[in-house]
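Enquirer: My structure is below; once you've seen it, I'll send some questions.
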Amino acid sequence: MVDEVVATLRRGALVVLPTDTVYGVAAYPGLPGAPGTPGAPGMPDAAERLCRVKRRPDNKPIALLAADICQVEAARAELGVIGHALAARYWPGALTMVLKTGAIWEGFRVPNHPVTRAILKAIGGVLCVTSANLSGKTPALTAAAAVAALGPAIELVVDAGPAPGGVPSTVVKIALGRCDILREGAIPGSEIAEIVASLRANNQS
């Protein structure tokens, strides 16, 4: 099953995947700076295509899901001391970190779902993933609901049973030694603030 999903994503098709919150629709953007490799070219306009399928404004960012911190670093994201500490504490899990990646900012998360992480590991890079529903509508908690929402735009569906739903991920932005809470979610912002304060205290001692 994993091999079929990877092959489908690599040829530029959209795939519905389960996550630890809701079902998502994924596209593979390819490996940056690696033309001609097995992972390239994927879909360089992956985020834009996902926005079109969801009827979502193009200026709304699409998160990147990774199998582990190594894939995040391979995508040239700058985690720094704070990012590494938060990744060690909360990944896999409900934390999205907005990180500097070259000249732009990208949001990264490692989902706590074994099926999707196996797919991410096998494809060897991050995936653009957003909730599998039309913009503004209720997120899909089943594979069937995802297909009903997005229809013929989807080539392959990975059905892992009902998703747990619940609170979305907490989103933080890490820059210049700061950690700003952009969206309060499953992880309390106060808890993250305590970790960051502890790091600063230790660096000053």
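The values are calculated or read from the model by the stated rules, or taken from the named source; none is laboratory data. Here the structure is a predicted model, which means the values were calculated and not measured. Cβ: placed from backbone, ideal geometry, glycine included. Neighbour counts: every protein chain shown.
Enquirer: Which pairs do you get when a residue that is free of Cβ contacts under 8 Å to residues at least 60 places away in the same chain, found in the range 89-117, comes within reach of a residue that is of a type in the set (Ser, Thr, Tyr), reach meaning Cβ atoms under 9 angstrom, with the pair 6+ apart or on two chains?
Expert: What qualifies is Phe108/Thr96; Phe108/Thr101; Val110/Tyr90.
Enquirer: If we scan the range 51-58, do we find a residue that is of a type in the set (Val, Ile, Thr), in contact (Cβ under 8 Å) with a residue 60 or more places away in the chain, in a helix (DSSP H, G or I) and farther than 25 Å from Pro18 by Cβ? First the steps, then the outcome.
Expert: Residues of the range 51-58 of a type in the set (Val, Ile, Thr): 53.
Subset that is in contact (Cβ under 8 Å) with a residue 60 or more places away in the chain: 53.
Narrowing further to those that are in a helix (DSSP H, G or I): 53.
Retained after the next criterion (residues that are farther than 25 Å from Pro18 by Cβ): none.
For the range 51-58, residues of a type in the set (Val, Ile, Thr), in contact (Cβ under 8 Å) with a residue 60 or more places away in the chain, in a helix (DSSP H, G or I) and farther than 25 Å from Pro18 by Cβ: absent.
Enquirer: On the basis of being modelled with pLDDT under 95, farther than 22 Å from Val53 by Cα and not acidic (Asp, Glu), does Ser135 make the cut?
Expert: no
Enquirer: Quickly run through the range 118-130 and pick out the residues that are surrounded by fewer than 22 Cβ atoms within 10 Å (Cβ to Cβ) and part of a helix (DSSP H, G or I).
Expert: Ala118, Lys121, Ala122
Enquirer: Test Thr142 against the criterion of being polar (S, T, N, Q), surrounded by fewer than 22 Cβ atoms within 10 Å (Cβ to Cβ) and over 21 Å from Val167 (Cα atoms), and give yes or no.
Expert: Considered against the rule, which asks whether it is polar (S, T, N, Q), surrounded by fewer than 22 Cβ atoms within 10 Å (Cβ to Cβ) and over 21 Å from Val167 (Cα atoms), Thr142 comes out as no.
Enquirer: Right, next: Val115 is checked against (1) assigned to a helix (DSSP H, G or I); (2) β-branched (Val, Ile, Thr); (3) farther than 28 Å from Cys70 by Cα and fails just one. What number does that condition carry?
Expert: Here Val115 meets the rest and fails (3).
Enquirer: While we're here: Are any residues in the range 146-169 closer than 19 Å to Val98 by Cα and surrounded by 17 or more Cβ atoms within 10 Å (Cβ to Cβ), and if so, which ones? Don't jump to the end; show me each part of the working.
Expert: Going residue by residue through the range 146-169, those that are closer than 19 Å to Val98 by Cα are 167-169.
Correct list: Ser169 only.
Enquirer: Let me ask something else about it. Kindly evaluate Thr130 against the criterion of being out of contact with any Ser or Thr (no Cβ under 9 Å at 6 or more places or on another chain) and more than 20 Å from Thr8 (Cα to Cα).
Expert: Numbers: out of contact with any Ser or Thr (no Cβ under 9 Å at 6 or more places or on another chain): yes; more than 20 Å from Thr8 (Cα to Cα): no.
It is false that Thr130 is out of contact with any Ser or Thr (no Cβ under 9 Å at 6 or more places or on another chain) and more than 20 Å from Thr8 (Cα to Cα).
Enquirer: State all residues of the range 60-106 that are touching a Cys at 6+ places or on another chain (Cβ under 9 Å), crowded, with 19+ Cβ neighbours inside 10 Å and assigned to a loop (DSSP other than H, G, I, E, B); if no residue qualifies, say none.
Expert: Of everything in the range 60-106, just one residue is touching a Cys at 6+ places or on another chain (Cβ under 9 Å), crowded, with 19+ Cβ neighbours inside 10 Å and assigned to a loop (DSSP other than H, G, I, E, B), namely Ile62.
Enquirer: Which residue is modelled with the lowest pLDDT, if the candidates are limited to the range 170-179 and must be surrounded by 12 or more Cβ atoms within 10 Å (Cβ to Cβ) and over 17 Å from the mean Cα position of the chain (by Cα)? Can you show your working first?
Expert: Initial filter on the range 170-179 (surrounded by 12 or more Cβ atoms within 10 Å (Cβ to Cβ)): 170-175, 177, 179.
Narrowing further to those that are over 17 Å from the mean Cα position of the chain (by Cα): 175, 177, 179.
Working: Ala175: 91, Gly177: 85, Cys179: 96.
Result: Gly177.
Enquirer: May I pose another question? Please indicate, with yes or no, whether at least one residue in the range 131-146 is part of a strand (DSSP E or B) and out of contact with any Cys (no Cβ under 9 Å at 6 or more places or on another chain).
Expert: Yes: the range 131-146 contains one or more residues that are part of a strand (DSSP E or B) and out of contact with any Cys (no Cβ under 9 Å at 6 or more places or on another chain).
Enquirer: Let me ask another. Would you pick out the residues in the range 80-119 that are over 11 Å from the mean Cα position of the chain (by Cα) and within 20 Å of Ser198 (Cα to Cα)?
Expert: Gly80, Val81, Ile82, Gly83, His84, Ala85, Leu86, Ala87, Ala88, Arg89, Tyr90, Trp91
Enquirer: In addition: Mind listing just one residue for me: the one in the range 30-50 that is of a type in the set (A, V, I, L, M, F, W, C), surrounded by 18 or more Cβ atoms within 10 Å (Cβ to Cβ) and in a loop (DSSP other than H, G, I, E, B) and, of those, modelled with the highest pLDDT?
Expert: Of the residues in the range 30-50, the ones of a type in the set (A, V, I, L, M, F, W, C) are 31, 34, 40, 43, 46-47, 50.
Filter again for surrounded by 18 or more Cβ atoms within 10 Å (Cβ to Cβ), leaving 31, 43, 46-47, 50.
From what is left, the residues that are in a loop (DSSP other than H, G, I, E, B) are 31, 43.
Working: Leu31: 66, Met43: 71.
Here the residue is Met43.
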